[in-house]
Amino acid sequence: MEKHLPVLQIGDLTIYPPILQGGMGVRISRSGLAAAVANEGCVGVIAGVGLGKFENLPRSEFEAVNNEALRAEIRKARSMSKGVIGVNLMVALSNYESLVRTSVDENIDLIISGAGLPLELPKYVEKKNIKLIPIVSSVRALKIICDKWKRNFNKLPDAVIVEGSKAGGHIGYDFKDVFEGTAPSLDELIIEILRFAKSFDPNIPVIAAGGIFDGKDIAHFLKLGASGIQMGTRFVCTDECDAHENFKQAYINARQEDLMIIKSPVGMPGRVIKSKFVEDIKSGKTTPIVCKYRCLKTCDPKTAPYCIAKALTNAAEGNLDEGFVFAGSNAYRCTEIVSVKKLIDELVAETKKYL
């Protein structure tokens, strides 16, 4: 008898295969990728950070231009897919609240929030049926969110994404733990958080994220008790990914030793692919910043060695000498660029083999 993967149920949303595409900023996962993923039954996710051409704008225009860009991407994704579309919005963004409100106006299906604790998120959503999904890296973080949401809004998360230290981009652990490999494993985290989440509400889906690469990995976390998985890295190497071809090619060309951890001006460690720019910042070179927009609450332009917003937009536009490429720990295993459909079909077939 043919095996079937479990269905991921988030409230009244039915997701099959049980895969969320990770939100990847700046300008990596936009409407093109999100719609293609949603069309396969999974959750397509638009990363809300820095979608507008804000680089040379003053602070007074920064918020409006990013709101309008997010609105346009959501509408475009909706025009290309009838599937489940979400947004990933970082709590650390200075325009976080206005991006949430824009997403709510557009009746997005779900809001995923990490890079800080989204303690006020339910307040901005009010009575709309939009699923709220925090990203956490510890039981402590989830407990704080659950306590606060329950007390202030009589609300619990509709699902929770548990992100381990093998994720790409900013990682929610101490630099030392990530660098030395002493951060807890995703297995440990999933088991611990499943136990805790079930004590709050037995129906909260727990979604595993960070370093999940193939069907064998997916089957492993489903067997551990996760209701689904989130995957970012593999979706970069798809035809429909919105990044520049140079960005995708950086994954194809990367060797294992090219993946490294840097200290980001955001105040968190970040996993990147080695480049001239990365070598320069590691050797202590700095790029003077004249910051007009202050996009991150946690970044101090006076002390930041370079502007991470500029570095990431440069990379997304294909200028890799003046930026860096965020990537998960398995990026070096990507060998070809395929369609989203082909990737998901392969992942499902592999997962069934190992279930």
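The values are calculated or read from the model by the stated rules, or taken from the named source; none is laboratory data. The shown structure was predicted, so the numbers you read here are calculated from the model rather than taken from an experiment. Positions of Cβ are backbone-derived with ideal geometry, glycine not excepted, and every protein chain shown enters the neighbour counts.
Just one of the listed residues (Glu322, Glu245) is among the charged types (D, E, K, R) and free of Cβ contacts under 8 Å to residues at least 60 places away in the same chain, and it is Glu322.
Condition check ((1) closer than 23 Å to Asp158 by Cα; (2) among the charged types (D, E, K, R); (3) outside the structural domain of Cys291 (by TED's automatic domain parsing)) across all residues:
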{"position": "Gly22", "(1), (2), (3)": "yes, no, yes"}
{"position": "Ile28", "(1), (2), (3)": "no, no, yes"}
{"position": "Gly32", "(1), (2), (3)": "no, no, yes"}
{"position": "Glu55", "(1), (2), (3)": "no, yes, yes"}
{"position": "Phe62", "(1), (2), (3)": "no, no, yes"}
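Of Leu347, Leu296, Leu320, all but one fail to be buried (at least 17 other Cβ atoms within 10 Å of the Cβ) and assigned by TED's automatic domain parsing to the domain that holds Leu222; the exception is Leu347.
From the list Phe200, Phe277, the one residue that fits, being in contact (Cβ under 8 Å) with a residue 24 or more places away in the chain, over 30 Å from Gly41 (Cα atoms) and over 19 Å from the mean Cα position of the chain (by Cα), is Phe277. The number of residues in region 319-336 being under 20 Å from the mean Cα position of the chain (by Cα) and under 16 Å from Val236 (Cα atoms) comes to 11.
Conditions (1) over 16 Å from the mean Cα position of the chain (by Cα); (2) crowded, with 24+ Cβ neighbours inside 10 Å; (3) not hydroxyl-bearing (Ser, Thr, Tyr), marked per residue:
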{"site": "Gly44", "(1), (2), (3)": "no, yes, yes"}
{"site": "Leu57", "(1), (2), (3)": "yes, no, yes"}
{"site": "Glu68", "(1), (2), (3)": "yes, no, yes"}
{"site": "Gly86", "(1), (2), (3)": "no, yes, yes"}
{"site": "Tyr96", "(1), (2), (3)": "no, no, no"}
{"site": "Asp105", "(1), (2), (3)": "yes, no, yes"}
{"site": "Pro118", "(1), (2), (3)": "no, yes, yes"}
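Would it be correct to say that Gly23 is buried (at least 20 other Cβ atoms within 10 Å of the Cβ), in a loop (DSSP other than H, G, I, E, B) and of a type in the set (Gly, Ala, Ser)?
Values: buried (at least 20 other Cβ atoms within 10 Å of the Cβ): yes; in a loop (DSSP other than H, G, I, E, B): yes; of a type in the set (Gly, Ala, Ser): yes.
Judged against the criteria, Gly23 is a match.
Let's see how each residue does on (1) in contact with an Asp or Glu (Cβ under 7 Å, 6 or more places away or on another chain); (2) in a loop (DSSP other than H, G, I, E, B); (3) over 21 Å from Glu192 (Cα atoms); (4) among the hydrophobic types (A, V, I, L, M, F, W, C):
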{"residue": "Val87", "(1), (2), (3), (4)": "no, no, yes, yes"}
{"residue": "Ser98", "(1), (2), (3), (4)": "yes, no, yes, no"}
{"residue": "Asn107", "(1), (2), (3), (4)": "no, yes, yes, no"}
{"residue": "Leu117", "(1), (2), (3), (4)": "no, yes, no, yes"}
{"residue": "Lys127", "(1), (2), (3), (4)": "no, yes, yes, no"}
{"residue": "Ile135", "(1), (2), (3), (4)": "yes, no, no, yes"}
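Exactly one residue among Ile281, Ile344, Ile308 is in contact with an Asp or Glu (Cβ under 6 Å, 6 or more places away or on another chain) and among the hydrophobic types (A, V, I, L, M, F, W, C), and that residue is Ile344. Listed by position, the helices (runs of 4 or more DSSP H) inside region 226-282 whose residues that are at pLDDT below 95 and within 23 Å of Asp177 (Cα to Cα) number at least 2 are 276-282.
When region 83-116 is filtered for residues that are polar (S, T, N, Q) and modelled with pLDDT under 95, the ones remaining, listed by number, are Ser94, Asn95. Set side by side, the residues Val162, Val178 differ, and just one is in a strand (DSSP E or B) and not basic (Lys, Arg), which is Val162. With respect to being more than 24 Å from Lys352 (Cα to Cα), part of a loop (DSSP other than H, G, I, E, B) and either among the small types (Gly, Ala, Ser) or modelled with pLDDT under 95 (or both), Ala183 fits the description. Within region 195-223, restricting attention to residues that are touching a helix residue (DSSP H, G or I) at 6+ places or on another chain (Cβ under 8 Å) and farther than 16 Å from Ile19 by Cβ, the residue that is surrounded by the most Cβ atoms within 10 Å (Cβ to Cβ) is Ala197. Restricting the first member to region 228-242 and to residues that are among the polar types (S, T, N, Q), and the second to residues that are assigned to a strand (DSSP E or B), the beta-carbon pairs closer than 6 Å and six or more apart or on different chains are Gln230/Leu20; Gln230/Ile161; Gln230/Ile207; Gln230/Ala209. Does Ser29 qualify as being touching a residue at least 24 places away in the same chain (Cβ under 8 Å) and in a loop (DSSP other than H, G, I, E, B)? So Ser29 fits the description; yes. Of all residues in region 166-197, those satisfying the criterion of being free of Cβ contacts under 8 Å to residues at least 40 places away in the same chain, within 25 Å of Thr351 (Cα to Cα) and of a type in the set (Val, Ile, Thr) are Ile190, Ile191.
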